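Notes for the one structure printed next.
The values are calculated or read from the model by the stated rules, or taken from the named source; none is laboratory data. Note that this is a predicted model, so its numbers are computed, not measured. Every residue, glycine among them, receives a Cβ derived from its backbone with ideal geometry; neighbour counts consider all protein chains shown. Heavy atoms of the whole protein, side chains included, go into the accessibility calculation; ligands, DNA and RNA do not. Shrake-Rupley method; radii C 1.70, N 1.55, O 1.52, S 1.80 Å.
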Amino acid sequence: MSNVQKNTASGGQTRQRMLTFHILRYNPKDPDSKPHMQSYQLEEAEGMTLFLALSEIREHQDPTLQYDFVCRAGICGSCSMLINGRPGLACRTLTKDMGADITLAPLPVFELIGDLSVNTGKWMRGMSERLETWVHTKEEEVNLSKAETRMDPELAEKIYELDRCVECGSCVAACGTAQMRKDFVGAVGMNKMARFKLDPRDERTDEDFYELVGDDSGVFGCMSLLGCHDVCPKELPLQTQIAFLRRKMVTIGS
Amino acid sequence: MSNETLIIQTGLSERPRKSRLPARLDFLQSASGLFLALFMWGHMFFVASILLGKDSMWMITKFFEGYYVFGGKAYPWLVSIVVAVVAAVFVLHAMLAVRKFPINYSQFKLYRAHAKSMQHGDTTMWMWQVYTGFAMFFLASAHLYQMMVWPQDIGPFGSGGRMWVDGLWPFYLVLLLLVEFHGGIGLYRLAVKWCWPNCSREFLKKLKWAITAFFLILGFATLAAYMKVGYDYQENYKNGEHYTPTWAQQAREGAK
């Protein structure tokens, strides 16, 4: 049930809640800037998301406020931030599901650009290069004029399911291990490994995958706290994928 | 200096093939934890035999001393061997688990803030696993040492006297809480980590708390029973007497 308190004024108009946003502000490029909380008040609107609220604040109250967005529909993963302490997408979070006091902060682990904006792209690129998250085939066999080998629809569906990851960084920010060990690949990396392991076009063996994630910065660093699984905005089956990868990699090591 | 040492020293030991050790260490951490948790379940049932009476506890004690195998002769050093094996697994598990601990204050501070802000059960529970594990480095070690060196003192009078006369009941009360919370969370984590049947975490969590509650209640009752025996027979303990089972007492009296 919605917790919006709508008060009908005598004129028949509906008065929305007044929301207070407590936003962590900091500009790392400004030597005088110190991390501090700044509050903004905003009247709630029907169907308001956190992204809309932030746009309102930037438009009408504070043009210096920094935050990321592209698609506004939970597809690009750019607007991930700490919402009341937990990672989530601003564009997918409705204010009606929250209390009147909302705290927003940038995702930890990633390089801070300013205020709520972080450089997830840089981190994701590093992870992708390190784990070689692309289909590995023998170069000489690639023939672009030849039709691709057919894939069983069920398998294609399984791969697609894991490919839905938008690299928003929520899983990394929700991970206890990633807070302590900056070289940890996170659930996003392990999910990618599981995805390429499923793909019959990828000729890498389990031994090859072990070379990439068979250590404490990979799957053996994971403590199965599953914050990743619980906050993933795409609801990816991370718990199952990590356990699957762990079992496979332990078999290689035995 | 061996060639191997030199290769390790130069940081080239993982080339061209990554070490298989992390896989083995991860598996061993889980396996040693599982062994200790299952041992503690058995241990709790054995010590809880006091709830059925002093004779029952005496029989369990004598069973582990080989009384029923060696035709009525008891060898407490057999218990020492079992304790030594458990202690070895305990040390191994501690060594493997400590790899996951925060290694400096900065990591600890980050994790604590993360857990506080996330309000996420599994994340918070891990902190408790670290705290209880850390405390057990000391408390469980003390208990294991005592059992290994003085196994002959395990018995209704000896164990009861230790609680009451020697005043060790607060030590065992704390150890009970540590073991049950650490073991319960650990078993839950194992199920999730290796993904046991269908992995419904809601169900696993309920099961975990039910098991913890059961063993805590059994543990409190057992502790109280030992304290009562210790109180009732404090003179016997002080005189260094060992418990004689009822039937042996009756047979002795009949002989008179």
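Largest first, the residues A:His36, B:His242, B:His43 sort by 1.4 Å accessible area into B:His242, A:His36, B:His43. Exposed loop sites are taken as trypsin sites (Lys or Arg not before Pro) in a DSSP loop (any state but H, G, I, E or B) with at most 15 other beta carbon atoms within 10 Å; the longest stretch of chain A without one runs A:30-137.
Computing Rg and the Kirkwood Rh from the Cα coordinates of region B:90-231 gives a ratio, Rg/Rh, of 1.03.
Could you state how much accessible area A:Asp152 has, in square angstrom rounded to the nearest 10, with a 1.4 Å probe and all protein chains kept in place? Estimated to the nearest 10 Å², A:Asp152 gives 90 Å². Between B:Phe138 and A:Trp134, the simple label model (points 7 Å from Cα in the Cβ direction) yields a spacing of 5.5 nm. Peptides A:221-233, B:220-232 ranked from most to least packed, by the mean per-residue count of other Cβ atoms within 10 Å: A:221-233, B:220-232.
Distance between the modelled labels on A:Glu148 and A:Glu46, one decimal in nanometres: 4.4 nm (7 Å Cα→Cβ projection). Checking every one of the GluC sites (Glu not before Pro) in region A:80-164 against DSSP loop status and a limit of 11 other Cβ atoms within 10 Å picks out A:Glu148. Seen against the Cα atoms of chain B and their longest principal axis, helix B:54-64 is set at about 60 degrees. Of all stretches in chain B that contain no GluC sites (Glu not before Pro) in a DSSP loop with at most 16 other Cβ atoms within 10 Å, the longest one is B:15-240.
Too long at a 21 Å Cα-Cα cut-off: which of A:Lys138/A:Lys158; A:Lys182/B:Lys109; B:Lys54/B:Lys208; A:Lys248/B:Lys205; A:Lys158/A:Lys197? Mind dumping the intermediate values first?
Working: A:Lys138/A:Lys158 24 Å; A:Lys182/B:Lys109 15 Å; B:Lys54/B:Lys208 31 Å; A:Lys248/B:Lys205 26 Å; A:Lys158/A:Lys197 11 Å.
Beyond 21 Å: A:Lys138/A:Lys158; B:Lys54/B:Lys208; A:Lys248/B:Lys205.
When a/c is below 1.5 the answer is rounded, else prolate if a/b is larger than b/c, else oblate, so apply that to region B:1-142 with a ≥ b ≥ c taken from the square roots of the Cα gyration tensor eigenvalues. Oblate shape, in that a/c is at least 1.5 and b/c is the bigger or equal ratio. Compute the label zone of B:Phe70 within region B:136-178: residues whose backbone N is under 18 Å from the point 7 Å along Cα-to-Cβ. What the label zone holds, given the 18 Å backbone N cut-off, is B:148-155.
Sparse packing (at most 16 other Cβ atoms within 10 Å of the Cβ) combined with a DSSP loop state is found for the following trypsin sites (Lys or Arg not before Pro) in region B:13-112: B:Arg17, B:Arg20, B:Lys73.
Summed over qualifying helices (DSSP H, 4 residues or more, each -39500 (n - 2.57)) and divided by its residue number, the protein assembly as shown shows a 222 nm mean residue ellipticity of -17500 deg cm²/dmol.
So the label point goes 7 Å from the Cα of B:Leu52 along Cα→C-beta, right? Which residues of region B:136-157 then have their backbone N under 20 Å from it? Within reach of a label on B:Leu52, which here means backbone N under 20 Å from a point 7 Å along Cα→Cβ, region B:136-157 contributes B:154-157. Of all beta bridges that DSSP places with both ends in the protein assembly as shown, some 85 percent have antiparallel geometry. With springs only between Cα atoms under 10 Å apart, run a GNM on chain B and tell me which of B:Leu216, B:Leu38, B:Leu52 wobbles the most. Among B:Leu216, B:Leu38, B:Leu52, the largest GNM mean-square fluctuation belongs to B:Leu52. The local environment of B:Phe64, defined by Cβ-Cβ distances under 15 Å, has a net charge of 0 under the rule Lys, Arg +1 and Asp, Glu -1. In terms of its alpha-carbon gyration tensor, the protein assembly as shown comes out prolate; a/c meets the 1.5 threshold, and the first ratio a/b outweighs b/c. By how many degrees, 0 to 90 and rounded to 10, does the Cα axis of helix B:105-118 deviate from the longest principal axis of chain B? So the helix axis and the longest Cα principal axis differ by about 90 degrees. Is the C-alpha gyration tensor of region B:134-178 telling us rounded, prolate or oblate? Criteria: a/c under 1.5 is rounded; beyond that, a/b larger than b/c is prolate, otherwise oblate. Taking the square roots of the gyration eigenvalues as a ≥ b ≥ c, region B:134-178 is oblate. On the basis of the beta-carbon distance and an R0 of 30 Å, B:His242 and B:Ile217 show a calculated FRET efficiency of 0.50.
Take B:Tyr105, B:Tyr111 and sort them by solvent-accessible surface of the protein heavy atoms, 1.4 Å probe, largest at the top.
Of B:Tyr105, B:Tyr111, the descending order of accessible area is B:Tyr105, B:Tyr111.
With each label modelled as a point 7 angstrom along the Cα→C-beta vector, the B:Glu235-B:Lys116 pair spans 5.7 nm. On the principal axes of its alpha carbon atoms, region A:109-175 extends 49, 28, 19 Å, with the longest extent given first.
Principal-axis analysis of the Cα atoms of chain B puts helix B:77-97 at an angle of about 20° to the longest axis.
Taking a point 7 Å out from the Cα of B:Met59 in the direction of its Cβ, the residues of region B:151-186 whose backbone N falls within less than 16 Å of it are B:156.
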